[in-house]
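Take a look at the structure below.
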Amino acid sequence: MKNLIEKINNLSEKRINFYENNDDKGFYKWNKTYIDSMIWEIEEVKAEIKDNNSVHLEDELWDVFWTYICLLNSLKEEWLITSVEKVFERSYKKFSWRINEIDWTNNWEWSEVKKCQKESLELEKLNLKK
């Protein structure tokens, strides 16, 4: 799956590059393009959630994922995030801390973990400014 996500990311990077150099119709408005599209794509997912409709639902879920990856690449090109990989690393760190990977017996209180994580992020942000 990792290799597949890398391939999808590469396609997204090519699309962003294309828009940066060939957007004569004014479609591409950086991250706003994808944030607006995410809302629309999620509405399409909601419409496809019904019995015996997995093909269409999976297709719409793909559109949400594709739009999300494009959003990340757009934010990367705008220098608003470090990298797409860094977002995935943060996601894993965040949820592996909240959800014990080995078993459920040692899980922390979700709200307490969120509080600790916010404090950790603020410290990291302060260190970046130095």
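To the nearest 20 debye, what charge dipole does the chain have about its Cα centre, counting +1 at the Cβ of each Lys and Arg and -1 at the Cβ of each Asp and Glu?
700
Based on the Cα gyration tensor of the chain, what are the three equivalent ellipsoid semi-axes, each the root of five times an eigenvalue, rounded to whole Å and given largest first?
Values: eigenvalues 176, 113, 37 Å².
Semi-axes, largest first: 30, 24, 14 Å.
Carbon-plus-sulfur fraction of the accessible area of the chain, 1.4 Å probe, in percent?
Carbon with sulfur: 58 percent of the solvent-accessible area.
Can you pick out the pairs among K50/K93; K76/K115; K46/K93 whose Cα atoms lie more than 31 Å from each other?
Long pairs (Cα-Cα over 31 Å): K50/K93.
Counting only the heavy atoms of the protein chains, how much of I5 is accessible to a 1.4 Å probe, in Å² to the nearest 10?
50
The values are calculated or read from the model by the stated rules, or taken from the named source; none is laboratory data. On a predicted model such as this, the values are computed, not experimentally measured, just so you know. As a convention, Cβ positions derive from the backbone with ideal geometry for all residues, glycine included, and neighbour counts pool all protein chains shown. Areas reflect the complete protein model, heavy atoms only, side chains present, ligands, DNA and RNA absent. Shrake-Rupley method; radii C 1.70, N 1.55, O 1.52, S 1.80 Å.
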